[in-house]
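Taking it in order: structure first as structure tokens, then the write-up.
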């Protein structure tokens, strides 16, 4: 039931409309700084290769 509603709102543009209205309201109130952008690091994943660990099975980097 919840997932079906989520899909419906995603597909019919309800989320996009709500986000647009929220952004407009925050800009009007001076609460949104358009020069500042952030990425939540909990949603960004790095591979082992990015930390110097090399790819899986690559013995040269161990």
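Listing for the model above:
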{"read-out": "Pairs where the first residue, in segment 11-31, is part of a helix (DSSP H, G or I) and the second is modelled with pLDDT of 90 or more, C-beta under 9 Å, 6+ apart", "value": "14/8; 15/6; 15/9; 16/10; 18/9"}
{"read-out": "Candidates 18, 54 - the one that is modelled with pLDDT under 70 and surrounded by 10 or more Cβ atoms within 10 Å (Cβ to Cβ)", "value": "54"}
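The values are calculated or read from the model by the stated rules, or taken from the named source; none is laboratory data. Note that the structure is a prediction, hence the values are computed from the model and not measured. When we count neighbours, we look across all protein chains shown, and the Cβ atoms used for this are built from the backbone with ideal geometry, even at glycine.
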